[in-house]
Structures are given as structure tokens and as C-alpha cells.
Amino acid sequence: MKFAAILSLAAAALFSAPVAAEVAGPSVNWRIATSGKPRSGTTHIEVLKKYVEEQTNGRFSITLGYGTFGEAKEFLDLLKIGVIQGATVQASLSVDRLPLYTALDLPFLPLKNPDTQRRVHEAVHARPDIKAEFAAWNSMPFMSSLLPQYEILGKGNAPKKLADLNGLRLRALGGAGKALAKLGAVPTNLPASETYVAMDRGLITAVAFPYYAHVSFKTYELGSWMTTNLAIGTTAFPVVFGVKAWNDLPPQYRELLLQAREVAYRAHKEVLKKDDLKALATIKGAGAKLIEFGDTDLAEFRAVGGKPVWDEWVKSMKGRNLDGQNLLDFILKLSSEKK
């Protein structure tokens, strides 16, 4: 989906919200860091920006930095020293800094839809142990990014069965990477913005992304095949604000951001759903062979790449004197509750 179309959908969500009186207050500018370029996966921060600027007549402005404020692995450092006021953060790029939060990156978590994902993520954000982990970096998670399930797009010979992924060098973060390693794949952590070049140069031969991200980052131009039913999991990619920056805002601006969050969630869900379906058609239209694995293969993958990876993660947290089992149980219990 072209970004202009994304903005039009976001604007529709914005103007469907109740019209409020203009919010008065001092002049404030925030800098929110992200990576890549404007796309459906950044709809939420685009809407946050648009909403607060329109409601304050520009007195509260937000500058979005698409790679201009630093690299993704530096965002927590920049938040800590107050150079930026917000960022989109991937814990799997900063495991030593946010170890407990990587629980949300584990493979095959039963986060069956965006509403469940939001409910679980926000409950995790409210836990004291997670708050403390972020607070060490002068930060606080503000909202989830509700990213869809990951599938693998690669070049070369298309796999006919899961065993064919053995030896595959690919970009896959966090738990998805660990699950694929159980099949003999060789995962690496790379910021999304670096994947096209890495794939083009042959440093990797495949990438795990949601459908829309394969199009946004143009990896589909290099691929010849893509899986369609692995549903390995996704990655937590929260919008994070600086604690001091948040506390320094006047109360009416904090309330305005909370209002904007609801508008942003609505627009984000709609855009991601539409864009993921459109991206699948684009990838198919570019000639990629769509791979669907059989039930036996999938059951085997979940058996070796699901709970064993969870157990290893719990053990690694115990080695850090962190109660990962309590957090994992919390996530699984919430995920299974019907709302």
C-alpha cells in the first residue's frame, strides 16, 4: 500500500474520533525515533503525530526520525540520555537490556488476533518487573505495534518440507530465530532496514517478516519463494516514551496522547490487515512460489520449536536471576482467556 493511502486511512480514523476543543498549552517538540521508511507498520506513530498536532494547533509537535536520530540498537541509549523522547524498540535487538521483555518474542505464543495481542502486551507493560526493566533506560512502553505473524521469504531452491530449511541463513529475530535454529537454520539478528542489502549481497538467503514488511523493505524483489502457513510468531515492537519527557509534559498533553493512542490503534489495525493481504498478492504477482507445509511437518516444527524454546528461555532468565516462568505463565493464561 502506498504511504499516501496509509495516511488517508489514518486520517479517516482520526476524523471519525469525537471532535474535541483545541487543547491549550506550551510549545513542546518531541523527537520519536524509528527505522526504515514510512509504511503501514508505522501508521500508529504517524497518527499520534497528526492527532496531537491538530488538537494543539501545532503547539505540541512531534518529529518522526526514520533512521535520522540513530540506529535501532541505539534507541534505548538515546532515550536514557534524553536525546529523543520516544522510539519504536525491538527487545530482540537489545536482549541484555530488556531480557524479560523478550518473552513476547517467543515463537508460537497463542496471540490469535490483534485484540488479544494488545490485551496481553498492555498487561505485560503494566507489570512491575517490566516497568523496572524499561525504567533502567529512562523509558516506558506506551503502546504495542500489533505486528502480524512472520513468514519466510527466500531465494534459491524452494523448500518442499521443513527439513529443507536446514542450513538456511536468514534474518529472524528472537524466538522465531531460535525456533528455526531447531530445524538447522542459521538465524541472525538484523534491523529490518538492513535486510535488503544483506540478502542482495548473499550474506543471508531468506528473511522472516510479516507479508507487508516483505513489500515495505522490498525483500520480495529478491525472493523466489515464500512460506504461507508457518505462523512462527511475531516480535514485540512497542512505542516507548522517555519517562522524564512524559513527566515533564503538562497534564493536558499526557491526556491528549492517551486519546491519540486509541485513534492510533484503530487506524493501525485496519491498515495492517489491509496491507498484509495486499502484500501477499503483490508477492505472488512478482512470481514467488508460495509454500504451504503439511500438517505433519507443522506439528513437528511446533513440537521442537515451541515449548522447548520457551523452556530454554525460562532457564536463561533464571541464569539472570529473573523469574521468566512467572511471566510466561502470565502471558499464556491471559492469551487463553476469552474476552
- Message: Just to be sure I understand: of the beta bridges DSSP finds with both ends in the chain, what percent are antiparallel, rounded to 5?
- Response: 45 percent
- So what's the net charge close to Phe108: Lys and Arg +1, Asp and Glu -1, counting the other residues with Cβ under 9 Å from its Cβ? +2
- Item | Cα centroid separation, region 16-79 to region 140-201 (Å) | 29 Å
- Calculated FRET efficiency, Lys218 and Lys289, Cβ-Cβ r, R0 25 Å, to nearest 0.05? 0.85
- Length gained, Asn247-Lys315, 0.36 nm per residue minus C-alpha separation, equals 20.9 nm
- Message: Net charge around Val28, counting only other residues with Cβ within less than 10 Å of its Cβ (Lys, Arg = +1; Asp, Glu = -1)?
- Response: 0
- Message: For a 28 Å ceiling on Cα separation, which of these pairs sit above it: Lys182/Lys338; Lys182/Lys278; Lys131/Lys278; Lys273/Lys338?
- Response: Lys182/Lys338; Lys182/Lys278; Lys131/Lys278
- Message: Angle check, please: helix 307-319 long axis (alpha carbons) against the longest principal axis of the chain (alpha carbons), in degrees 0 to 90, nearest 10.
- Response: 60 degrees
- Task: Name the shape class, rounded, prolate or oblate, that the alpha-carbon gyration tensor gives for the chain, where a ≥ b ≥ c are the square roots of its eigenvalues, rounded holds for a/c under 1.5, and otherwise prolate holds if a/b is larger than b/c and oblate otherwise.
- Result: prolate
- Query: Roughly speaking, what is the stretch gain from Glu122 to Ala21, that is 0.36 nm per residue apart minus the C-alpha to C-alpha distance, in nm to one decimal?
  - Reply: 33.5 nm
- Task: Quote to one decimal, in nm, the extra length available between Ser61 and Ala163 on full extension: 0.36 nm per residue of separation minus the C-alpha distance between them.
- Result: 31.6 nm
- Angle, helix 251-285 long axis vs. longest principal axis of the chain, Cα atoms, 0 to 90°, nearest 10? 30 degrees
- Task: Calculate the spin-label point distance for Leu332 paired with Asn189, positioning each point 7 Å from the Cα along the beta-carbon direction, and give it in nanometres.
- Result: 2.5 nm
- Task: Report the one residue of Val83, Trp225, Ala236 whose Cα lies farthest in the direction of the positive end of the charge dipole of the chain (charges on C-beta: Lys and Arg +1, Asp and Glu -1; origin at the Cα centre).
- Result: Trp225
- Item | Share, in percent, of DSSP beta bridges within region 127-235 that are antiparallel, nearest 5 | 55 percent
- Message: With angles folded into 0 to 90 degrees, how steeply does helix 114-125 sit against the dominant principal axis of the chain? Use alpha carbons for both and round to 10.
- Response: 70 degrees
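Just so you know, all these numbers are worked out from the coordinates, no wet-lab data involved. Note that the structure is a prediction, hence the values are computed from the model and not measured. In this analysis, Cβ positions are derived from the backbone assuming ideal geometry, glycine residues included, and neighbour counts consider all displayed protein chains.
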